[in-house]
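First comes the structure, then the notes that go with it.
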Amino acid sequence: MVIVIMNQKGGVGKTTTAVNLAVALKRNYERILLVDMDPQANAGTHLGIRADGDNSIANVFAGTKKIPDIVKNAEGIDVAPSNISLAGIELQIVNEIGREMILKDILKEINYDVVIIDCPPSLGLLSVNALTAADKVIIPVLTDYFAREGLADFLRTVQKVKSTLNDKLSILGYLATNYDNTAISKDALESLKSHFEGQVFKTVIRINTHLKEAPGAGKSIFGYKKCRGYEDYEKLGEEVYEKIK
Ligand SMILES: Nc1ncnc2c1ncn2[C@@H]1O[C@H](COP(=O)(O)OP(=O)(O)OP(=O)(O)O)[C@@H](O)[C@H]1O
Ligand SMILES: [Mg+2]
């Protein structure tokens, strides 16, 4: 099962969700791989992992390394870290035949129960590779005034990949993030639910400062502190498990 965490908007909680969901799913699965497809490399950093030298997902894309060469373990999950070279790789592969299927082919060679992919805030070739390799998409959405802005473009891309490259692709759910009890948050959640009926996760990720602090400690929220963020991502893990098992 390959789950991609995607929204081309920046700062909506993609990386926070990818990292904490990957660790949460340890309760249900033995072998979990977190793939960092963002040249910003936040997912690795969040778990205290850096891609040293040539050991990044960029080198796997370039064909000089395999996933097992580059993975590092943190909190019981394997992480395939990224670094800034991945930005160059995106430009390099633009003219290759089969440029959208590189990640799919890479993942074919390995055997994990669940693979979680953290995406950059763009609909470029790295994100298209992730969608082509995926079974399911989770879309974190900030519960603010602009919540649904940009989702139409996003869905067009998902549809296009589904119809041309990956017919098994489907949306696992929209995830409301940064929720607080303001009228704006409540309205944004209601509007999401009415537009995407039955597709919004019951679990809502509330604003929680510890979720912001945990990356600085190089830990998931589960390794960092018992708090509301811990409870919310624990709940999300259970809900995702129920949907995919
Ligand atoms: N529920 C939350 N409560 C408080 N802070 C949060 C929450 N979720 C994420 N954050 C913080 O908000 C910022 C953006 O989150 P994150 O990096 O997960 O977003 P992103 O979508 O991956 O961003 P990018 O598009 O740059 O990759 C980070 O500083 C993160 O720690
Ligand atoms: Mg991110």
Next item on the list: Kindly indicate whether any position in region 185-196 is surrounded by 14 or more Cβ atoms within 10 Å (Cβ to Cβ) and within 20 Å of Cys119 (Cα to Cα).
Entry: no
Next item on the list: Could you list, in sequence order, all residues of region 1-15 that are β-branched (Val, Ile, Thr) and either more than 16 Å from ligand 2 (Cβ to nearest atom) or closer than 16 Å to Gly173 by Cβ (or both)?
Entry: Val2, Ile3, Val4, Ile5, Val12
Next item on the list: Tell me which of these Val4 doesn't satisfy, since it passes every other one: (1) crowded, with 22+ Cβ neighbours inside 10 Å; (2) part of a helix (DSSP H, G or I).
Entry: (2)
Notebook entry, point to check: So Ser127 fits all but one of (1) within 16 Å of ligand 2 (Cβ to nearest atom); (2) outside any helix (DSSP H, G or I); (3) buried (at least 17 other Cβ atoms within 10 Å of the Cβ); what number is the exception?
Noted result: (2)
Next item on the list: May I ask you to list pairs of residues, at least six apart or on different chains, whose Cβ atoms are under 6 Å apart, with the first in region 209-226 being closer than 19 Å to Arg50 by Cβ and the second being modelled with pLDDT of 95 or more and of a type in the set (Asp, Glu)?
Entry: Ser220/Glu75; Gly223/Glu75
Notebook entry, point to check: What are the pairs, 6+ residues apart or on separate chains, where a residue within region 229-241 that is at positive phi and within 16 Å of ligand 2 (Cβ to nearest atom) has its Cβ under 9 Å from a residue that is not polar (S, T, N, Q) and not in a helix (DSSP H, G or I)?
Noted result: none
Item checked: Residue pairs meeting the criteria (Cβ under 6 Å; at least 6 apart or on separate chains; first over 16 Å from Val2 (Cβ atoms), in region 34-49; second near ligand 1 (Cβ under 10 Å from one of its atoms) and in a loop (DSSP other than H, G, I, E, B)) -> Asp38/Pro120
Margin query: Being within 14 Å of ligand 1 (Cβ to nearest atom) and either crowded, with 19+ Cβ neighbours inside 10 Å or among the β-branched types (Val, Ile, Thr) (or both): is that true of Ile138 here?
Written below: yes
Next item on the list: Search region 86-106 for residues being surrounded by fewer than 19 Cβ atoms within 10 Å (Cβ to Cβ) and in a helix (DSSP H, G or I), and hand back the single one that is farthest from ligand 1 (Cβ to nearest atom).
Entry: Asp105
Item checked: Subset tally (residues that are surrounded by 14 or more Cβ atoms within 10 Å (Cβ to Cβ) and either outside any loop (DSSP other than H, G, I, E, B) or at negative phi (or both)) for region 156-183 -> 15
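The values are calculated or read from the model by the stated rules, or taken from the named source; none is laboratory data. Just so it is clear, the structure is predicted and the values come from calculations on it, not from any experiment. Every residue, glycine among them, receives a Cβ derived from its backbone with ideal geometry; neighbour counts consider all protein chains shown.
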